[in-house]
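Undergrad: There's a structure below that I have some questions on.
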Amino acid sequence: MKYYLECLRNYATFSGRARRSEYWYFYLFNFIFALVAMGIDNLLGLTIENLPYGVVYTLYGLITLIPGLAVTVRRLHDVGKSGWFILIGLIPIIGSIWLIVLMFTDGNKGPNMYGEDPKN
């Protein structure tokens with residue numbers, strides 16, 4: 001939970017580096033909270049026609065869009081890649097697989113051009 005809150009505090013910080021744990025814990029809690037938001041939409045009857053989500057889920061998604069992009073860019077910086085590498089995910093199938101592999105890759109040891117090693 002600490003990494004999730006840290007990402008929200010660094011709302012639009014695209015510079016620096018993020019460890020694997022920061023990235024993956026952010027997305028774990030993001031997924032859990034998104035499911036809760038969907039459940040609230042369903043309980044309150046706020047769903048959009050035949051979709052399982054509605055207003056609460058959409059607002060939550062909009063609120064966490066920028067922090068999610070920022071932590072992904074910082075994670076790419078940790079492995080020595082530019083933040084623009086996030087666009088690789090637009091390549092069907094192979095691009096998404098490559099991006100996931102980069103997210104699982106251990107970061108560069110020591111400082112790189114994007115900042116100090118976050119493990120130190």
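Every read-out reported here was derived from the displayed coordinates using simple, explicitly stated rules and does not represent laboratory data. All of these numbers come straight from a predicted model, not from anything done at the bench. Using ideal geometry, Cβ is built from the backbone for each residue, glycine included, and neighbour counts are taken over all protein chains shown.
Undergrad: Can you find, among T64, N50, I88, the residue farthest towards the positive end of the dipole of region 40-120? Put +1 on the C-beta of Lys and Arg, -1 on that of Asp and Glu.
TA: I88
Undergrad: State the label only: which of [x] 15.9, 47; [y] 27.9, 88; [z] 16.0, 51 corresponds to Rg and Dmax of the Cα atoms in Å computed from the shown model?
TA: Here Rg and Dmax of the Cα atoms in Å agrees with entry [z].
Undergrad: If you don't mind, another one. Using helices alone, what [θ] at 222 nm do you get for the chain, with -39,500 (n - 2.57) per DSSP H run of 4 or more residues, divided over all residues and rounded to the nearest 500?
TA: After summing the helix terms and dividing by residue count, I get -19000 deg cm²/dmol.
Undergrad: In addition: Where in the chain is the longest stretch that carries no chymotrypsin sites (Phe, Trp or Tyr not before Pro) classed as loop by DSSP and with at most 16 other Cβ atoms within 10 Å?
TA: The reported range is 15-120.
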